[in-house]
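So that we are looking at the same thing, I have put the structure below in structure tokens.
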Amino acid sequence: MLLASTLLGLGLMWWIYRGFNASQLFEVFTQRSNYLFIVLALAAGVLANVLRSWRWRMLLSSARIDITMRRAVELVFISYLINSVTPRLGELTRSLLVRRGDADVSTRALGTVVVEKLADVGCLVVVAGLAVTLRWNATVGLVQRLGDGLTWVVPNYTFYIAVGSAVCLLVGISFPLWPHIRRFVRNLWQGMAAIARLHSPLAFFSLSAGIWTCNFMQLYWLLPCFDSLSSICMADLLHVFAAASVGLLLPTPAGAGPWHFAIVKTLTEAYGVEKVAAQTFALISHGLKTALVMLLGLMSYLSFFASQLSRGRHHRTAEK
């Protein structure tokens, strides 16, 4: 699975950036006026993950799992660091690290993570629905052009054969995995129960809205760095953001490939942006996100395990 997702990401990156001229990439960083907007974009990324940690801690508390805010932030950053290498493994690792060696607590924590992801799916549906409503004609034209391109590359029947084969494969795999599927459903139910016990559902939904607003602002603050994107308004960028967020549903390391494909195709096909400018915008926005995740994830990893070692030494000293 990891190999397939990595190959998918590399294949999309090669297809999008073949023949790419990196000169405009360096021009963005040579303009000192751009650094303010870059810092603001990075700050929005940090705030998004802090809000995500706060929201997750609310779910954990409802599931009768008490951790500090610092620990929640550390585990969220660690999970994104792991996801940048092995997609979707970060959520499992985050759950296991909540209370190491306690399977019951880890199971309940995994249930809260599942519900948290379902909340993000709901936010994605809202964002995509709003973007399509505001830019209906652009969305229809984009889908038609992408559909024509897909038909030109592969015949129609090939698509149906691929989908049918994937469904059969998933059904075949699900039978031996049925005990794991039942465990997953139990975890999901526990997470749903945690939501029902939230002290402030309004705060949970407000944090979800804040997370996605910060994610959008990560792109919005980078717009002034590109003169060629001066014609892109906030509604246009929301359309681009929705397409990129949908693209991230494809599991590739750090979202590389689907993110770039969605942004480049939406900007060029729907809004007539030059391909080099769209490629540069996608590359810089993704590069900053990834660098931030890896830096904060590494710092959180060192902080978490340093505290674990310190606690272990304290227990050994107390036993003596």
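Shape verdict for region 6-94, please, from the Cα gyration tensor: rounded (a/c under 1.5), prolate (a/b greater than b/c) or oblate.
oblate
Follow-up. Hey, which aspartates and glutamates would be in cross-link range of Lys265, C-alpha to C-alpha under 16 Å, not counting anything within fewer than 8 residues on its own chain?
Candidates past the 8-residue exclusion: Asp148, Asp236, Glu274.
What is region 74-126 by shape, rounded, prolate or oblate, if you read a ≥ b ≥ c off the alpha carbon gyration tensor as root eigenvalues and call it rounded for a/c under 1.5, prolate for a/b larger than b/c, and oblate otherwise?
oblate
Going by a ≥ b ≥ c, the root eigenvalues of the Cα gyration tensor, does region 190-240 fall in the rounded group (a/c under 1.5), the prolate group (a/b larger than b/c) or the oblate group?
It comes out prolate by the Cα gyration axes.
Any read-out appearing in this document is the output of simple, stated calculations on the displayed coordinates, not a laboratory observation. Being a predicted model, the structure only gives us computed values, none of them experimental.
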